[in-house]
1. Give me the percent relative contact order of region 302-436, please, defined on Cα pairs under 8 angstrom at least 6 residues apart.
2. What's the local net charge at GLY690, with K and R +1, D and E -1, over the other residues with C-beta under 12 Å away?
3. Kirkwood Rh, Cα Rg: Rg to Rh for the chain?
4. Can you give me the orientation-averaged projected area of the convex hull built on the Cα atoms of region 312-371, in nm²?
5. What lysines could a cross-link reach from LYS682, if we take a straight Cα to Cα line under 17 Å and drop same-chain neighbours fewer than 8 places away?
6. Please work out the Cα center distance from region 459-519 to region 311-359, rounded to the nearest Å.
7. How high is the FRET efficiency between ASP165 and ASP295 when r is their beta carbon distance and R₀ equals 56 Å, given to the nearest 0.05?
8. How much mean residue ellipticity at 222 nm does the chain get from its helices, if each DSSP H run of length 4 or more adds -39500 (n - 2.57) and you divide by all residues, to the nearest 500 deg cm²/dmol?
Amino acid sequence: MDAEAEAKRIVASLTLEEKASLLSGKDTWSTRAIGEIPSIFMTDGPHGLRKALTGINGLPATCFPTASALASTWNPDLVQQVGAAIGLEAQAADVQVVLGPGVNMKRSPLGGRNFEYFSEDPVLAGEMAVAHINGLQSQGVGASLKHFAANNQEFERFQNNSVVDERTLNEIYLKAFEMAVRHAKPWSVMASYNLVNGVHSSESEWLLQTTLRDKWGYQGIVISDWGAAAIGRVQGVKAGLQLEMPGGSSENTKLIVQAVLDGKLKETVLNTRLRQLVASILKVNATKQPKIAFDVDSHHTLARQAAQEAVVLLKNESHILPLKPGRVDKIAVIGQLAKEPRFEGGGSSQITPTKVDNLYGQLAKILGDKTELSFAKGYAIKDGSATPKLLQDALEAAKNADVVIVAVGLPASFEIEGIDRPQLGLPSGHDELVEAIAKVNPRTIVVLTNGSAVTMPWLSAVPAVLEGWLSGQAGAGAIADVLTGVVNPSGKLSETFPHRIQDTPAYPDFPNRTGNARYGEGIFIGYRWYDERDIKPLFEFGYGLSYTNFKFSDLKLSHDEIFDDGTLTVEVDVKNTGDVAGKEVVQLYIGIQDHGEVHPPRELKKFQKIYLRPSEERAVSFTLKASDLAYFSDFKRDWRVPTGEITVYVGSSSRSLPLHRTVTVKPRRQEMPELLPSSPLKDFAKHPRGKHFFDLLGVQLAKSFGGADGKQTKKEADAMAMNMIGDLPLNRLPGLSGGIMSHDFVDAVMGYVKYEKGFHPIESFRYYKELVKLLLRALRSLR
């Protein structure tokens, strides 16, 4: 079926009122059906299916690990399997579109929905999103990439204005969206609630048309976040928003009809939006699979596999882990989270699971009767408070055990849609519990449950820490697998864990409460911030331990020099030097040595997860294209491949990069600045014809300062000219010439540098010495 041709035919047959009505949903979850156009059904995601039945409760579905956990697998193939499983469950529930994944950046660890987002790094988030969407849509179900764009805080999210400079927006906050759009082609993109630089996302032509369609070539549709298009609907249609959700009201339909009748909205624009919408509906409706079913147990197993690779081993002193069956006689499991697991965040992504494992039960299954398990609550599950009685019971259990496992984390109220986190730390009762237990039993292992970074004031007192994330309905079993050595941990942090909130990039203005969130840290979010300012984090981005060891060696580059439109192959050898099979994430970063514009010390560009048996070694290869090296130039207001030296780093985390090599990037064509009358003279020095003019100034300045013989080298003359007049705009020369030079002179110089016939300053500039003298007089008067 040619959906575009069918959509064109159908739209041509509709009345104006029918056209306008189709741009709003029928109700909370479905689109309108008119004539040959069917209604399709959408549900929340992104880490499972939430087909709402009553309130927050939905149809039972597999709850997979949340995005922050999935990103910590650093395994796109596994994430694609998860996406495919969610797609299959959507088909079984007669759902055509799943609202997810979310790729907003984690500007601050206090973001209330951080658990729904992959990372602080756009490349990692983008790769995870591509995998998730490709998996989901392989089952004939549409994805909705969200929340577009710069939606980074929950406080006053409907009216907060994200004020972001152009480079930061393109490099950091739009990059993951661009990767997903170009490489996965999501069925829809969801416009966010917030404003971006003063314009609501759902009404922004720059976002929805210029960027999304014109630059990225997007062919799908844009839908509003639920309620985001309730106002400004006509402008939204003009900007490129096809579908307003939820539906059920005719008010905006009337406004659209009236705008067309009044000539404020062209019907051709309305028809374009409608053809795009109808074609997308026809496509996703044609891939429905009635009466399909999914296997609950196999999806639960997949959820456990995903969680196994998401678990991050943060500390393991004296190799206290793994706790293999029969190795330890008595283990005390302390913390109510071990029996009442918190495995997902709150809000629209909350799944009704098909089943739920708990840590205590899973440990009992694996350890069997070889190990005696005891349990103590430790704290109240709702708010994390620890009463004297709860604490005393926990200490008694700890004293009588050979090893203690303490399950602590963030309560549900800390991580929920609509509210940002109140603090970076755990509830005080959890911290107090860990500290007290570590004093009576130094063999204490801490298991964390949280969707984003937390502080650990007790870290030095315990020998082992596991980051378990919000790891889905099977997460407890995965954590038990890692604790007991059934699985060798291979997760790596998808975000930086700071020592304190004061160290974070957006502090102290997060969440912003003035209505204008100014992204003053610019491109320096996450590890970029800590590296640039040499702030030591608690645990760095990309960090994670294993029960084995890996060695990186023999880093090779395919070329020492490449052109700025070329490719570079990077190869490194990785060896498992331990006696346990395991997986390692090979991470490649680059550092741009460009003094013209500011750059982070290092930026992630590629990664690959590999499996190695004991003593096995293999070569890992990456290909860096020009687009991988590019940054968004403030000067060009576009993407630019830097020339000069670029350092390639390879290792196991953002701060463990033992190998590095340098490549020189050369321009294929000489890059020339765009010269304007207002351009500083130093820009003329970079231009092949403008340089003639600048060199003459340098010679005359050198003679003026070098005595009668003027014995300066050309290098010294150029340096003197650059220091004295490099920042002076060309069109200021007439004003400094004492009337000798006219504005016609400026026009003549511009004509020369633009290769127009006529003026040649070397031959016909009669007033050079006089001009230089007057320039010197003017410059001295400014001191």
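1. It comes to 32 percent, rounded to a whole number.
2. Surrounding charge for GLY690 is +2.
3. Here the Rg-to-Rh quotient is 1.05.
4. 5.8
5. LYS636, LYS691, LYS714, LYS715, LYS754
6. 14
7. FRET efficiency, ASP165 to ASP295: 0.70.
8. After summing the helix terms and dividing by residue count, I get -9000 deg cm²/dmol.
The values are calculated or read from the model by the stated rules, or taken from the named source; none is laboratory data. Since the structure is predicted, the reported quantities are computational estimates derived from the model, not experimental observations. Methodologically, a virtual Cβ is constructed for each residue, glycine included, from the backbone with ideal geometry; neighbour enumeration extends over all protein chains shown. Note: areas computed on protein heavy atoms with side chains; ligands, DNA, RNA excluded. Shrake-Rupley method; radii C 1.70, N 1.55, O 1.52, S 1.80 Å.
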